[in-house]
Each structure stands twice: as C-alpha cells, then as structure tokens.
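Here the structure comes first, spelled out in structure tokens, and everything after it is commentary.
The values are calculated or read from the model by the stated rules, or taken from the named source; none is laboratory data. Not measured: the values here are computed from a predicted model. Every residue, glycine among them, receives a Cβ derived from its backbone with ideal geometry; neighbour counts consider all protein chains shown.
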Amino acid sequence: MSTARRPRITFEDIGDVTVVKFTDKKILEEQAIQNIGDDLFKLVDELGRKKLLLDFVTVEFLSSAALGKLIRLHQRLATGGGKLILCGISKTIMEIFELTKLDKMLKIVKDEQTGLNAF
Amino acid sequence: MPEPESETVAEVCFASDWPEVRRVQREIELALVPFAFPDRDQFYIKIALEEALVNAVKHGNRLDPAKHVRVRYTITALRFEAYIADEGCGFDPANVPDPCSPENLERPCGRGLLLIRKFMTTVEYHGRGNCMSMAKVRTAS
C-alpha cells in the first residue's frame, strides 16, 4: 500500500515546456528533498517531459542535498535529449550555486519568461 | 538588539533521526532571534548548521538511531559558535575530494563541507574528525 503524501511541486505545461514550482520555501530536509526528487523524476520518467523549467522564486533555503538532486535531474534529461533550466533564483541562493560552481554546469536564467524563451 | 553582554549557551544531545535534526535546528534558530543577526548572516548560519547536522547524522552516525549527536552552541551579539560531535569513526577533511574540480562537478554529493567552510568565519575539526566547531562572526552593518 503506498503512503500518501502531499506533492512537493506544482507544474504547468506551457507549450512543450513544463514549468515547475516548489511548494516548500525551505528545501532542506532529507525526506523532503527525496520527495522533491521523486516528483521531478516522475515528470521525466513517467510523464515523458523533456523540457523542464524549475522556478525557484518561492525558495528561501536550499541545502547541498538538493543540489545533488538537480545534478541528477540535469544528467537524466541530458541523457534523454532533454533540457533543464533554472530560474527565479534569489541572490542568496545564487551564492550557493556560484560557490559550488554549479552556475557553470546548470543553465540559470533570471525569470520564467526568460526561461521559456531559452529552450 | 540584545545588550552586548548577553549570551545564550546551550547544549543538546539527540538521536540520529531527521525529526530530531529539525527540532534542534528550530531550537537554535529561535535562540538566534533575539540577537538579530543580519539576514545574510542568518542565512549562512542556517545553511552551515543544516549541512553540519546532516553530516553528523548521515555520514558520521550512519543514521543509527542508537548513536547520538551532541551540539553545544553559544550566541552573543557578535558571534555564533557551534560545536558538533557525532559518534562515528571520523574522517580527514583533507581527503574529501574538491567538489568544484572539473572531474567532480557532476557528482551529486560532496558539497556540504564546502558550504560550511565558505559560510562560516572559522571551521575546525577535532579528534578523529567526528567533532567540529564552527563560528560566524557578525557582519558589520
């Protein structure tokens, strides 16, 4: 029997791009990060989405475990000919991406519209 | 802002499970409130604390609920300090691969220690590496 839980993301398809928003302001807890990862990978593996735009506009805190999930998602999409773009990242969260050099690996844009235009 | 001489000192010992990690984090966040550190300092402390506690529970104690993590923290108007000890085998931080090097960039793990080091003013490891102390000096406004 599966354990019901609340979704950690919401998503909307705009053309062939799936725009994802997070329901948590703090992406810190291990279990929450695992659930977020599960929800994101379902979009790719089960629902066949190839263009994901992750909007971090509501996110205030992000731990390194969440970065790991993003890297795996990026790799999964790239393997399948898809693309991942991040947007809406605050200055403080951006510092995390810059310190870890992930701003060089992941495509990060300013906002949702810029992201939609970048695919 | 609290009087310059006020200080909070506390010690907590908890079992290696995630609800306990959350509880201790909330306790320390609440303890920080009266000291009104700048927002950016609070962000740095919160992230570093998260990374350090997760490391202690997940990597140090291997999520064994029989093993505990001890945290002693001191907060003054000028400084936040935390001493965190797990019951694991320890490690040598010098042996942790650089997550920013090109060959490691696509690895999904290994960034927690980097964030702690970058966000805290000082970080030290003690004993066999199962104890660490970190401090953040208040940023002058």
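Would you please name the residue that is nearest to the other protein chains (Cβ to nearest Cβ), looking only at residues in the range B:106-134 that are under 27 Å from B:Leu78 (Cβ atoms) and small (Gly, Ala, Ser)?
By that ranking, first place goes to B:Gly112.
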What are the residue pairs meeting all of these: first residue in the range B:17-36, first residue under 13 Å from B:Phe80 (Cβ atoms), second residue small (Gly, Ala, Ser) and surrounded by 15 or more Cβ atoms within 10 Å (Cβ to Cβ), Cβ atoms under 9 Å, and 6 or more apart or on different chains?
B:Ile28/B:Ala82; B:Phe35/B:Ala77; B:Ala36/B:Ala77
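Residues that are within 14 Å of another protein chain (Cβ to nearest Cβ), at least 1 per element: which helices (runs of 4 or more DSSP H) completely within the range A:8-119 meet that?
A:30-45, A:64-79, A:91-99, A:102-105
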Please verify whether the range A:16-25 includes one or more residues that are basic (Lys, Arg), surrounded by fewer than 16 Cβ atoms within 10 Å (Cβ to Cβ), more than 20 Å from A:Leu106 (Cα to Cα) and touching a strand residue (DSSP E or B) at 6+ places or on another chain (Cβ under 8 Å).
yes
Going through the range B:64-76 one residue at a time, which ones are modelled with pLDDT of 95 or more and not hydroxyl-bearing (Ser, Thr, Tyr)?
B:Asp64, B:Ala66, B:Lys67, B:His68, B:Val69, B:Arg70, B:Val71, B:Arg72, B:Ile75
Report every pair of residues separated by at least 6 positions or lying on different chains whose Cβ atoms are under 6 Å apart, first residue within the range B:101-120 and modelled with pLDDT of 85 or more, second among the small types (Gly, Ala, Ser) and not in a loop (DSSP other than H, G, I, E, B).
B:Arg111/A:Ser64; B:Gly112/A:Ser64; B:Leu115/A:Ser64; B:Ile116/B:Ala48; B:Ile116/B:Ala52; B:Phe119/B:Ala48; B:Met120/B:Ala48
Please determine, by comparing only the residues of the range B:90-105 that are among the polar types (S, T, N, Q) and within 13 Å of another protein chain (Cβ to nearest Cβ), which one is nearest to B:Ala56 (Cα to Cα).
B:Asn104
So the strands (runs of 3 or more DSSP E) completely within the range B:72-141 holding 3 or more residues that are surrounded by fewer than 15 Cβ atoms within 10 Å (Cβ to Cβ) and not basic (Lys, Arg) are B:122-126
Need pairs with beta-carbon distance below 7 Å; first residue more than 11 Å from B:Gly60 (Cβ to Cβ) and within the range B:123-135, second among the basic types (Lys, Arg); sequence gap 6+ or separate chains.
B:Val123/B:Arg117; B:Ala135/B:Arg79
Count, please, the residues in the range B:32-55 that happen to be within 13 Å of chain A (Cβ to nearest Cβ), of a type outside the set (Ser, Thr, Tyr) and assigned to a helix (DSSP H, G or I).
16
